[in-house]
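Accompanying notes for the structure given below.
None of the figures in this text is laboratory data; all of them are computed from the coordinates on show. None of these values were measured; they are calculated from a predicted model. When we count neighbours, we look across all protein chains shown, and the Cβ atoms used for this are built from the backbone with ideal geometry, even at glycine.
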Amino acid sequence: MRRRKVAYGIMMGTCLTLFVLAWAVVSRFSPPVAIAMSVVAMVIPPFAAIVANWNVDRRD
């Protein structure tokens, strides 16, 4: 469980970092690169959710 939480946190931190860097820094120099970074950041959360829920015991 701990490994999944760490992996989820790293993936979501990367997502947040990409969004912030894309629109606060990179967009001033290259808007197309900022858009590409945002697209990559949008793809990360579904995979983070899959990783966080991988092999979760479904029984109560």
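Per-structure values
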{"read-out": "Cut-off of 10 Å, at most 16 other beta carbons, DSSP loop: longest stretch of the chain lacking such trypsin sites (Lys or Arg not before Pro)", "value": "1-57"}
{"read-out": "Cα gyration tensor, the chain - rounded (a/c under 1.5), prolate or oblate", "value": "prolate"}
{"read-out": "Sparse-neighbour loop sites [chymotrypsin sites (Phe, Trp or Tyr not before Pro); the range 18-60; at most 13 other C-beta within 10 Å; DSSP]", "value": "W54"}
